[in-house]
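The values are calculated or read from the model by the stated rules, or taken from the named source; none is laboratory data. Just so you know, these numbers come straight off a predicted model, no measurement behind them. Methodologically, a virtual Cβ is constructed for each residue, glycine included, from the backbone with ideal geometry; neighbour enumeration extends over all protein chains shown. When the accessible area is computed, the model is the full protein with side chains, heavy atoms only, and any ligands, DNA or RNA have been set aside. Shrake-Rupley method; radii C 1.70, N 1.55, O 1.52, S 1.80 Å.
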Amino acid sequence: MAEKKESVASVLIGAAFLMATSAIGPGFLTQTAVFTDKLKAAFAFAIVVSIIIDIIVQMNIWRILGVSGKRAQDVANEVFPGLGYFLAILVAIGGLVFNIGNVGGAAMGLNVICGLPLAPGAVISALVAIALFLNKEAGKAMDMFTKVLGIIMLCMVAFMVVKTMPPVGLALKETVMPSKIDWLTILTLVGGTVGGYITFAGAHRIIDADIVGVGNLEKISRGSVTAVCITGVMRYLLFLAILGVVVTGVALDPKNPPASAFLIGAGQIGYRIFGVILWCAAVTSVVGASYTSISFLRTLFSQIEAKHRYWIIGFICVSTAIFTTMGNPVTLLVFAGSLNGLILPVSLGAVLLAAYNKKIIGEGYRHPMVLTVLGWIMVVFTAWMGFKSLTGIMKLFG
């Protein structure tokens with residue numbers, strides 16, 4: 001029995017790190033640097049508020065999917081026939097495009113670390129990710145991989161905090177008494193942390209491991225909060241490390257803000273540390289995006305269900321092939337980012353409706369009303385943001 005409990009705990013921690021490291025990608029690093037440069041210490045408040053919102057979204061999704069034992073696309077199909085297919089296609093397209101960027105980030109990481117050209121760096125990084133899914137116990141391998149690389153990132157960013165000596169007192173004061181509040185920044189952070197496929201990475205992992213049902217509800221809730229907290233700690237540490245640089249008045253390089261912050265803060269050692277963090281962030285995001293994108297298609301298509309590990313490997317290969325031949329497709333990334341903004345309101349709305357459908361969740365579960373109300377508020381906010389972003393992009397491209 002003790003072994004089973006340890007296994008459940010291990011899977012939940014692995015699922016938390018899978019979700020967290022899926023969120024902590026190349027875009028996460030750049031976003032944090034840009035907003036720290038813009039808001040300075042006041043960015044601390046935005047981080048904390050976004051963490052609270054992320055917890056609301058994550059708890060709603062993990063609890064309802066966990067109790068039902070069904071993946072998001074299946075729940076969506078039961079709420080409204082065909083919605084699951086729409087959601088799955090949206091996630092798969094967005095996941096593929098973002099994965100091209102993740103592969104590119106991993107290649108850039110190796111280039112910073114050891115000067116390796118981008119194309120070989122992309123291939124090597126892809127092979128590392130593929131090796132996980134060639135393992136017969138791919139779930140365990142993925143859990144361990146994301147845990148180890150997640151911890152490495154946290155330790156290295158903590159080292160940079162010590163090195164850059166930020167005004168911690170000021171940051172703590174701004175956390176609770178901000179001199180400036182930027183709600184657009186907060187919602188942007190939410191979209192980058194639990195938007196798109198990201199929040200489902202951990203939820204689908206616990207379903208794969210059969211950690212489902214009302215009996216596991218407490219563990220599922222704890223795992224959902226742990227996932228957001230890991231991401232939040234990483235964001236706050238990264239913010240402090242970069243704050244220590246920008247408060248000196250030094251301008252960050254707009255072409256690569258986080259890299260320049262690490263270079264200014266700790267010289268060539270800092271630059272190499274950034275390379276390691278970038279590679280870890282990008283390659284774990286490759287794993288998370290590939291696993292989650294295919295998990296949305298598995299139950300809808302029997303051919304994918306039967307050979308899902310090989311479909312994940314194919315997903316990584318296609319992403320890598322596109323990057324090595326075309327580079328980062330900037331237009332596609334921008335457009336996919338806008339489509340990505342529609343995934344959370346649609347999926348969260350479907351999951352919240354499922355919470356009150358006994359055919360989906362059974363008779364023994366009552367979803368907390370406070371989570372429902374807060375969840376619907378997030379549906380409205382993220383739908384507005386997603387629509388605004390998409391219409392802006394449509395105007396931009398004619």
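GLY121 satisfies every condition listed in (1) in a helix (DSSP H, G or I); (2) free of Cβ contacts under 8 Å to residues at least 60 places away in the same chain; (3) open to solvent by 20 Å² or more (accessible area, probe 1.4 Å) except (3). Please tell me if ARG309 is surrounded by 22 or more Cβ atoms within 10 Å (Cβ to Cβ), touching a helix residue (DSSP H, G or I) at 6+ places or on another chain (Cβ under 6 Å), basic (Lys, Arg) and in a helix (DSSP H, G or I). In short, no. From the residues in region 312-325 that are crowded, with 21+ Cβ neighbours inside 10 Å and more than 19 Å from VAL91 (Cβ to Cβ), which one is modelled with the highest pLDDT? Step by step, filter region 312-325, then rank; the result is THR320. Test of understanding: among LEU240, LEU217, which residue is assigned to a helix (DSSP H, G or I) and closer than 25 Å to ASP37 by Cα? Selected residue: LEU240, the only one of LEU240, LEU217 that is assigned to a helix (DSSP H, G or I) and closer than 25 Å to ASP37 by Cα.
On the stretch given as region 140-155, residues that are over 18 Å from the mean Cα position of the chain (by Cα) and crowded, with 19+ Cβ neighbours inside 10 Å total 0. The single residue among ALA92, ALA126, ALA141, ALA131 that is within 23 Å of ALA259 (Cβ to Cβ), of a type in the set (A, V, I, L, M, F, W, C) and assigned to a helix (DSSP H, G or I) turns out to be ALA126.
Taken together, the residues in region 282-303 that are open to solvent by 10 Å² or more (accessible area, probe 1.4 Å) and over 14 Å from ILE130 (Cβ atoms) amount to 7.
If you check LEU339, LEU371, LEU333 for being open to solvent by less than 80 Å² (accessible area, probe 1.4 Å), in a helix (DSSP H, G or I) and either modelled with pLDDT of 90 or more or among the charged types (D, E, K, R) (or both), only one passes: LEU371.
If you go through region 76-85 and keep only what is hydrophobic (A, V, I, L, M, F, W, C), buried (at least 17 other Cβ atoms within 10 Å of the Cβ) and farther than 23 Å from LEU217 by Cβ, you end up with just LEU83. Could you tell me whether THR188 is crowded, with 21+ Cβ neighbours inside 10 Å, out of contact with any Gly (no Cβ under 6 Å at 6 or more places or on another chain) and part of a helix (DSSP H, G or I)? No: the conditions fail for THR188.
The residues in region 238-275 that are open to solvent by 40 Å² or more (accessible area, probe 1.4 Å) and either closer than 25 Å to LEU18 by Cα or within 20 Å of the chain's Cα centre (by Cα) (or both) can be counted, and the count is 1. All conditions but one from (1) touching a Leu at 6+ places or on another chain (Cβ under 9 Å); (2) part of a helix (DSSP H, G or I) apply to PRO166; the one that does not is (2). Is there a residue in region 42-62 that is under 17 Å from ALA203 (Cα atoms) and of a type in the set (Phe, Trp, Tyr)? Yes: region 42-62 contains one or more residues that are under 17 Å from ALA203 (Cα atoms) and of a type in the set (Phe, Trp, Tyr). Looking only at region 168-183, decide whether some residue is in contact with a Gly (Cβ under 8 Å, 6 or more places away or on another chain) and of a type in the set (Lys, Arg). No, the conditions are met nowhere in region 168-183. For region 277-292, the condition holds for no residue, the condition being that it is more than 30 Å from TYR85 (Cα to Cα) and more than 23 Å from the chain's Cα centre (by Cα).
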